[in-house]
Amino acid sequence: MGSVAEAKRAYFKGVTGSAQNAVAALEAEYYEKAKVGTVSPVAPATTAVNGTVKQAAFIAQVTVPFADLTAAATAHNALLTALKTAGVMKPTV
């Protein structure tokens, strides 16, 4: 069984009369959907598949040594939160 893109290409080839016109029609459909935000060029990243992620929020550097263990844990948790929010890290197990 072929992909959806292959099926659309075959359909457009039948309608437009050539493979080149079919590709152009597919591209036009893709860009029209992308323009209104219904299509993402690359899927979000998962633990198994490469994809896109958002830029993580800025986290200020901390001074070493930390005043106490609580300050170290707070800085570490801020980094984890930024990575999760950006989609770099899974939010839960």
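Residue-by-condition table, conditions (1) at pLDDT below 75; (2) over 30 Å from N77 (Cβ atoms); (3) loosely packed, with under 10 Cβ neighbours inside 10 Å:
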| residue | (1), (2), (3) |
| --- | --- |
| A5 | yes, yes, no |
| G17 | yes, yes, no |
| G51 | no, no, no |
| A60 | no, no, yes |
Open item on the list: I need a count of the residues in segment 75-84 that are polar (S, T, N, Q) and surrounded by 13 or more Cβ atoms within 10 Å (Cβ to Cβ).
Closed with: 1
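Against the condition in contact with a helix residue (DSSP H, G or I) (Cβ under 7 Å, 6 or more places away or on another chain) and free of Cβ contacts under 8 Å to residues at least 60 places away in the same chain, how does Q61 come out, does it pass?
no
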- [ ] Tell me which of these T38 doesn't satisfy, since it passes every other one: (1) farther than 27 Å from V93 by Cβ; (2) modelled with pLDDT of 70 or more; (3) hydroxyl-bearing (S, T, Y).
- [x] (2)
Open item on the list: Considering only residues that are surrounded by fewer than 14 Cβ atoms within 10 Å (Cβ to Cβ) and modelled with pLDDT of 85 or more, which ones fall in segment 63-74?
Closed with: D68, L69, T70, A71, A73, T74
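The values are calculated or read from the model by the stated rules, or taken from the named source; none is laboratory data. Since this is a predicted model, take the numbers as computed values, not measurements. When we count neighbours, we look across all protein chains shown, and the Cβ atoms used for this are built from the backbone with ideal geometry, even at glycine.
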